[in-house]
Amino acid sequence: MKNLITDVSGVRVGHAQDEALASGVTAILFDTPAVASIDVRGGGPGTREEALLRPESTLEAIDGIALSGGSALGLDAAGGVQAWLAEQGRGFRVRDALIPIVPGAICFDLLNGGNKAWGRFPPYRDLGYAAACAVGGDFALGSVGAGLGATTANLKGGLGSASAQTESGVTVGALAVVNAVGSVTVGDGPWFWAAPFEKDNEFGGRGLPPAFTPDMLRARLKGGPAVTPAENTTLVVVVTDAVLTKPQAKRLAMIAHTGMARAIYPVHATTDGDVVFAAATGKKPIDPLFGLTELGMVAANTVARAIARGVHAATALPFLGALPAWGDRFG
């Protein structure tokens with residue numbers, strides 16, 4: 001186990017980014033199509049193919065997922081991932097037509113100091129293609145890919161991942177792009193809200209503060225009163241090797257959302273675009289009641305850990321006034 005989403009067999013991840021742009025793309029690809037669904041709880045989401053992922057929609061499986069910066073302009077990233085998959089002969093076949101199925105979601109990173117003067121067309125389609133070319137079992141965390149330009153209320157955001165297994169041996173992995181309106185840490189200290197779920201000091205081993213003060217529990221919001229619905233979001237992909245139907249994948253995404261509540265304070269705000277994709281590679285059968293509930297519990301804990309790891313591993317952007325990274329203040 002690498003403590004990455006790629007601990008689920010048949011899942012690969014790749015990043016592409018532009019340092020001057022201070023933005024990037026992360027591609028999550030499946031070796032074979034995976035049953036998938038989605039649950040959106042933020043008030044300002046930006047998604048692609050959301051309707052296709054609803055349980056009542058016909059298509060069951062997808063080839064990959066594209067996560068991107070760039071706000072709505074970043075939705076082009078999925079087209080780049082599609083182009084790479086088409087070159088590999090991957091996609092949903094309709095007679096002689098082959099259509100790679102790649103849902104996506106974006107976060108807002110347009111005001112982080114990077115040069116967004118890209119001309120007529122934004123670069124995200126090309127970044128999506130490059131991210132797909134780079135997929136593998138190992139990948140970096142922190143200020144990389146779709147998490148390069150991410151921020152939180154008080155610290156630099158980033159991309160994190162984690163994995164775990166249920167008692168019956170089903171594997172679940174999570175990947176999170178943390179660009180939240182709220183805070184991932186408690187007050188002004190080094191403690192992560194997700195501390196009770198930490199494994200092997202994966203995000204510093206600081207635990208929780210010895211006591212909570214009223215100041216620790218007040219809302220710390222990115223942008224303060226001027227915050228807008230477009231500026232924040234946390235994007236999560238949860239993948240398991242369990243056998244799930246599309247409605248069960250939807251339920252897994254719903255339960256996994258509680259991991260955000262364990263790691264971000266506050267969360268699911270009107271100014272967030274929080275979304276969870278859930279996908280299943282279909283290798284190990286589970287009990288549809290207890291087994292799915294246990295899987296959701298483990299997935300939620302794994303999501304919380306992935307969020308904390310993303311902030312813990314992040315590095316500050318090299319621009320005047322950029323937010324500090326966790327490591328700058330507490331490392």
Q: Check Leu4, Leu21, Leu29 and return the single one that is more than 25 Å from Gly113 (Cβ to Cβ), at pLDDT 95 or above, aliphatic (A, V, I, L, M) and surrounded by fewer than 24 Cβ atoms within 10 Å (Cβ to Cβ).
A: Leu4
Q) So which residues in the stretch 7-18 are over 15 Å from Ser68 (Cβ atoms), in contact with a Gly (Cβ under 6 Å, 6 or more places away or on another chain) and open to solvent by 10 Å² or more (accessible area, probe 1.4 Å), if there are any at all? A) Asp7, Arg12
Q | Those residues of the stretch 255-291 which are hydrophobic (A, V, I, L, M, F, W, C) and open to solvent by 50 Å² or more (accessible area, probe 1.4 Å), in sequence order | A | Ala261, Leu289, Phe290
Q.
So, in the stretch 178-208, how many residues would count as being at negative phi and either among the hydrophobic types (A, V, I, L, M, F, W, C) or open to solvent by less than 30 Å² (accessible area, probe 1.4 Å) (or both)?
A. 20
(Q) Criterion first (at pLDDT 95 or above and part of a helix (DSSP H, G or I)) does Ala308 satisfy it? (A) yes
Q: Filter the stretch 118-147 down to the residues that are over 16 Å from Ile28 (Cβ atoms) and not aromatic (Phe, Trp, Tyr), then identify the one that is most open to solvent (accessible area, probe 1.4 Å).
A: Arg120
Q | Cross-chain or 6+ apart pairs with Cβ under 6 Å, the stretch 24-39 first and closer than 17 Å to Lys250 by Cβ and of a type in the set (Val, Ile, Thr), then open to solvent by less than 10 Å² (accessible area, probe 1.4 Å) and assigned to a strand (DSSP E or B) | A | Val35/Ala280; Ile38/Phe277
Q.
For the stretch 189-206: of the residues being assigned to a loop (DSSP other than H, G, I, E, B) and out of contact with any strand residue (DSSP E or B) (no Cβ under 9 Å at 6 or more places or on another chain), which is farthest from Tyr265 (Cα to Cα)?
A. Asp200
Q: Could you please let me know if Gly74 is in contact with an Asp or Glu (Cβ under 7 Å, 6 or more places away or on another chain) and either open to solvent by 10 Å² or more (accessible area, probe 1.4 Å) or assigned to a helix (DSSP H, G or I) (or both)?
A: no
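The values are calculated or read from the model by the stated rules, or taken from the named source; none is laboratory data. What you see is a predicted model; the values in this text were computed from it and never measured. Glycine gets a Cβ as well: all are built from the backbone with ideal geometry, and neighbour counts include every protein chain shown. Protein only, heavy atoms only, side chains kept; ligands, DNA and RNA dropped before computing areas. Shrake-Rupley method; radii C 1.70, N 1.55, O 1.52, S 1.80 Å.
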